[in-house]
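Peer 1: This is the structure, below, for whatever I ask next.
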Amino acid sequence: MKIFSLAVKNLVRKPVRTMVLAMIIAFLSLAVFGGSVVVLSLRSGLNSLEARLGADIILVPSEAQSKVSFQNMFLQGTTGAFYMDENVLEKALEADGVEKAAPQTFLASLKADCCSIKIQVIGIDPEQDFTVQPWISRSLSREMGDMDVAVGCKVEAEVGEIIRIYDERCKVVARLETTGTGLDTAVYCNMETMNHLLKAAEDKGVSHKIGSGDQVISAVYVKVRDGYDIDSVNSWLNGHIRKVTAVRTRNMITGVSDGLAGVSRTVTFLIAAVWVLAVVILLLSFVLIIRERSREFAVLRLIGASRRMLSGMVLLESALCGLLGGLIGVGVAALLIFPFAQLIESTLNLPYLIPDMGKILLLAAGTVLLSIAVAPLSGMMAAYRLSRIDPGTTLREGN
Amino acid sequence: MVIKAENIAKRYFRKTGRANNFFAVKPVSLDIRSGGTAVLMGRSGSGKTTLLNMLSGLLSPTEGRVLIDDRDLYSLDDKALSLLRSEKIGVVPQGRSAVDTLTVFENILLPAALYGRAQPEKEAQMWMERLNIADLRDVRPAELSGGELRRMAIVRALAHNPEVLFADEPTGDLDDENTHLVLSAFQEYAHEKNKAVFIVTHESDALGYADLVYRMEDGNLTVERQ
């Protein structure tokens, strides 16, 4: 029975003491892992939102901003619709510094007999679109045909299913990967399908047409050529295209960024507070353990254990407690965070996308390693004091 | 093997009357030789345990030196001194001296187990039977009486076959029958295995088993019977 096996026996045969230490560390590891996953998920959500928006500027009808909050549309999937002539696209493409421009058309389905679900429908031009199409291509290798739709991951419809939108039957051909944004609650189709749906909606008395053209669009997504100043292009578009507002996408997500920074600060503060608290409690626990175990260590010294052996045993025991606590903390955090991701998302009202499994595992491993390190660090003083114990005096004191 | 103490003393800084120094043990010299049992008698507080601790490598003297096989015990580094204690010196301390998380048998084998040496299971079993604790082999120390714990500590010291065995009040918790068992076990161990046994006690029962008797009074050591 060398020191390792003695340390394991000490832990196993003093389960209450072991569990108290492990639970303190579990608390720490829960805060670190849970907090980090939440912050990372928020960052991933923001990155995903940026990627999905994918444009530097969005052109929308001037009155759109009074009709719907863009932020709510993109973050929470609030339905909304506004329209303008499709010639806005051509005008945008004429602007100096515009590298790409692609239209999108929005339609809100109704919560009524004519529609299976109340949902935001987004029409895209697959050939021009550079924001949503790359995302759709990851789930659908071919182009969407007429009356085909791709659905966001939170839409309750399976591939192959038929959904009704204004009594038009649309076939679900793909379910898209999660983005953690309001785009997950939308349905996507090509412009031909959108025109059918717009007409069907009009037949139901939901009028969309504004302006003089046959075709309407809701927004134009603009990518500014490298080397051009985005603000200048934005100003030019605002000044040269009538009844249209050019909005910088960065401004749209500034609120989200600020919210994220606030949540990150709060979580970081909480993690730091839990750290300090846990380390103080651990230090106090080890002080109590010194008192409780001084006789045991005196016996070990008496029968020939060196100081190094005793320090090693204390550090090993605390590291094993750290491992146990770390695993418990990560496990509990995972049980709280992953099944309740939706609740966290809606509570924070921020884009929330859980990072991929690789990152999660890395974070979990890092947290467990941290837990393994923090316990021996807190127990170093105890290890030093216990290893310096005077066996003769200690054994007499207890009589 | 011989343990030789040369003018060892233990002085504490404690205000006693007019003096700031208090001698728990005043300078003493003695040899502990193999093949016999030495008994150190004396009243409580006379310095017996302090002397035992200095001789057994547990307490560094403030003066003098302790030689074991001509090596100064306290000039060794902690690792060497610990190994020496584990291999050559057995100590039965006063009071409880068990690791509570281990069974009686695991406690007995622990000195060898700590260093990964072959564990003297047969010796341990034999001494457990001799001292009537064989049936307590798998019991945890918390369930033992004071006398059983004391006998466990004695078996732990004997089973590892130390060159010198120090026992501090080994019969304090024992009834007459077990006192006789323990003292005769010590005597047999010293004589038949040619080892040294050094017993510290204030009970006169031990005198009948002693080859050499010391007495200690106020830190002064005298030879009472040779």
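Peer 1: Charges only on Cβ, +1 for Lys and Arg, -1 for Asp and Glu: so what's the dipole of segment A:100-250 about the Cα centre, in debye to the nearest 20?
Peer 2: Value, rounded to 20: 440 debye.
Peer 1: Gain in length, A:LEU369 to A:LEU110, computed as 0.36 nm per residue apart minus the alpha-carbon separation, to one decimal in nm? Write out the running numbers ahead of the final one.
Peer 2: On the way: separation 259, 0.36 × 259 = 93.24 nm, distance 5.19 nm.
My answer for the length gained is 88.0 nm.
Peer 1: Roughly how big is the A-B contact, given as buried accessible area in Å² (both sides, 1.4 Å probe, nearest 100)? Don't jump to the answer; show the numbers that get you there.
Peer 2: On the way: alone 19340 and 10720 Å², together 27500 Å².
Buried area between the two chains comes out at roughly 2600 Å².
Peer 1: Out of every Cα-Cα pair in segment A:63-242, what percent are more than 29 Å apart?
Peer 2: On the way: 3124 of 16110 pairs.
Of all Cα-Cα pairs in segment A:63-242, 19 percent lie more than 29 Å apart.
Peer 1: Carbon and sulfur together cover what percent of the accessible area of segment A:63-242 at a 1.4 Å probe radius?
Peer 2: Using a 1.4 Å probe with all protein chains present, segment A:63-242 comes out at 43 percent carbon and sulfur.
Peer 1: Compute the FRET efficiency between A:PHE269 and A:ARG291 as 1/(1 + (r/R0)^6), taking r as their Cβ-Cβ distance and R0 = 25 Å, and round to the nearest 0.05.
Peer 2: Result of the calculation: an efficiency of 0.15.
Peer 1: Would you mind telling me which residue in B:LEU114, B:LEU52, B:LEU212 has the biggest mean-square fluctuation in a Gaussian network model of chain B, where springs connect alpha carbons within a distance under 10 angstrom?
Peer 2: B:LEU114
Peer 1: Please give the net charge around A:SER264, taking every other residue with its beta carbon less than 12 angstrom from that of A:SER264, where Lys and Arg add +1 and Asp and Glu add -1.
Peer 2: Spelling it out: positives minus negatives among the neighbours equals +1.
Peer 1: Hey, with R₀ at 30 Å, roughly what FRET efficiency would A:ASN238 and A:ASP258 work out to, going by the Cβ-Cβ distance, to 0.05?
Peer 2: Values: r = 24 Å, r/R0 = 0.80.
E between A:ASN238 and A:ASP258, to the nearest 0.05, is 0.80.
Peer 1: Follow-up question, since we're still on this one. With helices defined as uninterrupted DSSP H runs, which ones in chain A have an alpha carbon span along their own long axis of at least 30 Å and mean Kyte-Doolittle hydropathy of at least 0.0? All intermediate terms of the calculation are to be shown ahead of the outcome.
Peer 2: Working: long enough: A:15-53 (54 Å, 1.36); A:249-302 (73 Å, 1.20); A:307-337 (44 Å, 1.65); A:357-387 (43 Å, 1.45).
Both cut-offs are met by A:15-53, A:249-302, A:307-337, A:357-387.
Peer 1: A:TYR228 to A:LYS118: extension gain in nm, 0.36 nm per residue of separation minus the Cα-Cα distance?
Peer 2: Going from the current span to full extension adds 35.6 nm.
Peer 1: Given R₀ = 41 Å, FRET efficiency for A:VAL206-A:VAL16 by Cβ-Cβ distance, to 0.05?
Peer 2: Working: r = 67 Å, r/R0 = 1.65.
Efficiency computed from Cβ-Cβ geometry: 0.05.
Peer 1: So how much slack lies between B:ASP176 and B:LYS122, counting 0.36 nm per residue of separation and subtracting their Cα-Cα distance, in nm?
Peer 2: 16.8 nm
Peer 1: So what does A:PHE27 come to for accessible area, using a 1.4 Å probe and Å² rounded to 10?
Peer 2: It works out to around 110 Å².
Peer 1: Any idea of the accessible area per residue across the protein assembly as shown, 1.4 Å probe, to the nearest Å²? Walk me through the intermediate numbers first.
Peer 2: Values: 27500 Å² over 625 residues.
Ligands and nucleic acids excluded, the result is 44 Å² per residue.
Peer 1: With every protein chain present, what accessible area does A:ILE281 have (1.4 Å probe, heavy atoms only), rounded to the nearest 10 Å²?
Peer 2: 70
The values are calculated or read from the model by the stated rules, or taken from the named source; none is laboratory data. Model, not experiment: these values are computed from the prediction. Backbone-built Cβ (ideal geometry, glycine too); neighbour counts: all protein chains shown. Ligands, DNA and RNA are excluded from the accessible area calculation, which covers all protein heavy atoms including side chains. Shrake-Rupley method; radii C 1.70, N 1.55, O 1.52, S 1.80 Å.
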